[in-house]
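Colleague: I'd like to ask some things about the structure below.
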Amino acid sequence: MLAALDHPPDALCAIFGFLLFEFIMAQAILVLFTAFNAFLMVVKERRLSLGKLDWRLLVGTLGFPFVIGSATAGYGLLGPSGAW
C-alpha cells in the first residue's frame, strides 16, 4: 500500500524502463536464435556452428536492444508517462 501512495523519481523510472526493455528484447532475440538453431538441426539436419565467432551472437543480442533503447530514452519515451 505504501508503494501506491508515492511513485519513484522520473530518472529512476526511466532507468528501470531502459533495463526492462534491454533484457526483455535480448531474451526474445536469444529465444528466436535458439528456435532457428533447433529448426536447422531437426528439419534441415545441419548444425549451426558459431565457433570463434560466438561473440557476434552476444553483441547482436545485447547491442540491438541497447541501440533501440538508447534512441527511445533520448527522445524521452521512457519514464512514468512513456511506454515503460
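The values are calculated or read from the model by the stated rules, or taken from the named source; none is laboratory data. Just so we're clear, the structure is a prediction, and the values are computed from it rather than from any experiment. Reconstructed Cβ throughout: ideal geometry from the backbone, glycine too, with neighbour counts over all protein chains shown.
Colleague: Using beta carbons and a limit of 6 Å, which pairs, at least six apart or on different chains, have the first residue in the range 10-30 and over 16 Å from Gly60 (Cβ atoms) and of a type in the set (Gly, Ala, Ser) and the second one crowded, with 17+ Cβ neighbours inside 10 Å and at pLDDT below 90?
Modeller: Between residues of the range 10-30 that are over 16 Å from Gly60 (Cβ atoms) and of a type in the set (Gly, Ala, Ser) and residues that are crowded, with 17+ Cβ neighbours inside 10 Å and at pLDDT below 90, the close pairs are Ala14/Leu78; Ala14/Gly79; Gly17/Leu78; Gly17/Trp84.
Colleague: Moving on to the next point. Can you go through Thr61, Thr72 and tell me which one is in contact (Cβ under 8 Å) with a residue 40 or more places away in the chain and out of contact with any strand residue (DSSP E or B) (no Cβ under 6 Å at 6 or more places or on another chain)? Step through it out loud before you land on a result.
Modeller: On the way: Thr61 fails: in contact (Cβ under 8 Å) with a residue 40 or more places away in the chain.
Residue meeting the stated conditions: Thr72.
Colleague: Any chance the range 35-44 includes a residue that's surrounded by 11 or more Cβ atoms within 10 Å (Cβ to Cβ), within 17 Å of the chain's Cα centre (by Cα) and part of a helix (DSSP H, G or I)?
Modeller: Within the range 35-44, none of the residues are surrounded by 11 or more Cβ atoms within 10 Å (Cβ to Cβ), within 17 Å of the chain's Cα centre (by Cα) and part of a helix (DSSP H, G or I).
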